[in-house]
Amino acid sequence: MNLAEAAEFAFQNNSGDLPPLTIQFEDLALDEALPLLMGDLSYQTEWVSDPQTRRHRLTSLVVGEQTAKTDSALRKDAESARDEVARIPYEEEVQVRAAVAEAIEQRSTSEWPSLGADELLRRAADSDPEVRLRAAIELEPEEEGLDRLIDLLANDPDPRVRAAATASLENSDSFGAVEALLAALRDPNPEVVVEVIDSLEFAGDASSIRHLEPLLAHEDSRVREAASEAIDFLED
């Protein structure tokens, strides 16, 4: 499969002879292109987050039903890819959504809502993730605030900050905010992904359904459940 060689991911075919698959896309991420390329074929993917590029990379694609024991070469490639990526500290330790909910609850009892936009933007770049989290909750998703929230969602190393940015971006009517939320469905932290799904559901845009459907096969049950509920809501 030429795509596997070009994108450097492990490929395994469990469905017998594959028909030629040829399609051309422009400005479409790999995770968005795969469902269109695969069509009705059953497939499973594995992704890793690269903190150096701050993007997500496909490490393996299995077409057809997953076998009980994955091909050793595929497994070795996937494990090697994971070993190359340094796990961000506290990704699995922090209760991400709880931290965001607490910050929202504290809004009325703090001086943060009275801060000006310039000060909030300054604090959104603070070295302390707790400060960035609070700033992300208070920033209005417009003009420079929108740009900063999009950047925090895509690039901040703390999942709590990314989730907080998601909660603010759901209040924006900007197409850029929606694009940022859709891209964040690939976030490596399941709680951030659930927050993103909730925000897309809140936005009420039925075009998000096709981006949510691949998450019905997500490895994390919280993500699968949130995606299912969002799709049901958006289809009504």
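Quick one: Leu121 ticks every box in (1) in contact (Cβ under 8 Å) with a residue 60 or more places away in the chain; (2) out of contact with any strand residue (DSSP E or B) (no Cβ under 8 Å at 6 or more places or on another chain) except a single one, so which number is it?
(1)
Is it the case that Ser172 is assigned to a helix (DSSP H, G or I) and not basic (Lys, Arg)?
no
State yes or no: is Ala163 buried (at least 21 other Cβ atoms within 10 Å of the Cβ), aliphatic (A, V, I, L, M) and assigned to a helix (DSSP H, G or I)?
Yes, satisfied.
Filter the range 135-188 down to the residues that are within 21 Å of His211 (Cα to Cα), touching a residue at least 12 places away in the same chain (Cβ under 8 Å) and acidic (Asp, Glu) and list them by number.
Listed by number, the residues that qualify are Glu170, Asp187.
Read-outs: derived from the displayed coordinates by stated rules, not from any lab. This structure is a prediction, so every number in the text was calculated from the model and none was measured. Glycine also receives a Cβ, built like all others from the backbone with ideal geometry; neighbour counts cover every protein chain displayed.
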